[in-house]
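Encoded as structure tokens, the structure appears first; notes follow it.
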């Protein structure tokens, strides 16, 4: 993915002491659980390798998940991380740093594009492996083993929730960034000629976009001291009363600044709808084609397009 | 008598008022009065109101300015409002106030040019 600073998921997810406590409460992680986890440390030390191997057995058996670990170096690195992750479950400190570490794990999985189904599927195997090891550890005492497993399951679900929150936050982050990019691209104001600007509008115009268009147009008109702004709506699929109203507003505002609007790209169907809807566009200079709009704009600033060599046939002049 | 809070300058045949202070209702009423008296006194044919310093305009002020232009017109004086800020224009149209019939220009320079054109057109009639 792109370089740069990772988003601060702690902040985005509002993970402070209180929130972490609420989460512990909801997952029913109590002081007993934490002390039990700490007591299981020797168990963890004894079987972390086996569990990791077992987990990667599953992962490497399926091409879809195997694809994430293309070479031996990567594999041994992630296995090392997996061991560390496992031991961390029993470290005895469950604070904001612990949470931050979990978010990092989630973010890393999201970054490499690991789909949630693989992530969850692997966790299922993980828990089964832990259960097996626990039975061996407690020498067949089902009661002890299931108590320990219940605790481990709590902390693992707690971790999974954090990882998923990171997944979702990362997706939202990407979406927000894309929306911003689209917004920026959606109002390109082009200088066509001295004091003539052009704004081609492509795509649907909702209220938010209409407001943004108006703002951009007004600021650009003043900044570039434009006399005319051509708004081309050939790329707007539907021109309804709302869109027409937005255009009228923008036109009026441009007039207040002391400039004029020329509206172009009015297709036959747009002309029909506008009249059928009873929208008055008469206060705006309108043309079907952009080229005609440019001619109108030029004539407003006292210029015109003329043929280089005067020919016998008459020019565009009527 | 001019209340003096907004100076009105005479440049050739044109009056220029540059609004540099916040327009309260009372100020704008006094301003309107000053302008009309000044037109009466000087017989100027053109008026330019520069509002480039105004960061916000409410509907009362907008209406007062538009009305001033109409009153001046009755006295034979063409008004051009210059230098409106983008945010002000956006607010006015969103309030549904289009100030129709009021001439506008981007800058003082353009306002003067437009004013000269208007005077020329009036003379040639």
Restricting the range B:68-102 to residues that are surrounded by fewer than 21 Cβ atoms within 10 Å (Cβ to Cβ) and more than 14 Å from chain A (Cβ to nearest Cβ), the residue that is nearest to residue B:30 (Cα to Cα): B:71
Selected residue (criterion: surrounded by the fewest Cβ atoms within 10 Å (Cβ to Cβ)) from residues of the range A:281-318 that are within 23 Å of residue B:100 (Cβ to Cβ) and modelled with pLDDT under 80: A:282
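Residue by residue, here is whether (1) under 16 Å from residue A:217 (Cβ atoms); (2) in contact (Cβ under 8 Å) with a residue 12 or more places away in the chain; (3) out of contact with any helix residue (DSSP H, G or I) (no Cβ under 8 Å at 6 or more places or on another chain) holds:
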residue: A:261; (1), (2), (3): yes, yes, no
residue: A:295; (1), (2), (3): no, yes, yes
residue: A:304; (1), (2), (3): no, no, no
residue: A:308; (1), (2), (3): no, no, yes
Residue B:16 away from chain A (no Cβ under 11 Å), outside any helix (DSSP H, G or I), crowded, with 19+ Cβ neighbours inside 10 Å and at pLDDT 90 or above: yes
From the options A:198, A:256, residue that is within 12 Å of chain B (Cβ to nearest Cβ) and either farther than 26 Å from residue A:304 by Cα or modelled with pLDDT of 90 or more (or both): A:256
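Out of the residues in the range B:111-123 meeting the condition of being surrounded by fewer than 22 Cβ atoms within 10 Å (Cβ to Cβ) and closer than 20 Å to residue B:68 by Cβ, tell me which one is farthest from the chain's Cα centre (by Cα). So that I can check it myself, show each step before the final result.
Here is the first cut: in the range B:111-123, the ones surrounded by fewer than 22 Cβ atoms within 10 Å (Cβ to Cβ) are B:112-114, B:116-123.
So of that shortlist, the ones also closer than 20 Å to residue B:68 by Cβ come out as B:112, B:114, B:118-119, B:122.
Values: B:112: 12, B:114: 13, B:118: 15, B:119: 16, B:122: 19 Å.
Ranking the qualifying residues of the range B:111-123, first place goes to B:122.
Going by what's in this entry, would residue A:205 be described as in contact (Cβ under 8 Å) with a residue 40 or more places away in the chain, more than 14 Å from chain B (Cβ to nearest Cβ), touching a strand residue (DSSP E or B) at 6+ places or on another chain (Cβ under 8 Å) and under 30 Å from residue B:83 (Cα atoms)?
Numbers: in contact (Cβ under 8 Å) with a residue 40 or more places away in the chain: yes; more than 14 Å from chain B (Cβ to nearest Cβ): yes; touching a strand residue (DSSP E or B) at 6+ places or on another chain (Cβ under 8 Å): no; under 30 Å from residue B:83 (Cα atoms): yes.
Spelling it out, it is not the case that residue A:205 is in contact (Cβ under 8 Å) with a residue 40 or more places away in the chain, more than 14 Å from chain B (Cβ to nearest Cβ), touching a strand residue (DSSP E or B) at 6+ places or on another chain (Cβ under 8 Å) and under 30 Å from residue B:83 (Cα atoms).
Taking the condition closer than 25 Å to residue A:15 by Cβ and not in a helix (DSSP H, G or I), does residue A:106 pass? Spell out how you get there, then give the answer.
Details: closer than 25 Å to residue A:15 by Cβ: yes; not in a helix (DSSP H, G or I): no.
Criteria not met by residue A:106.
The values are calculated or read from the model by the stated rules, or taken from the named source; none is laboratory data. On a predicted model such as this, the values are computed, not experimentally measured, just so you know. Glycine also receives a Cβ, built like all others from the backbone with ideal geometry; neighbour counts cover every protein chain displayed.
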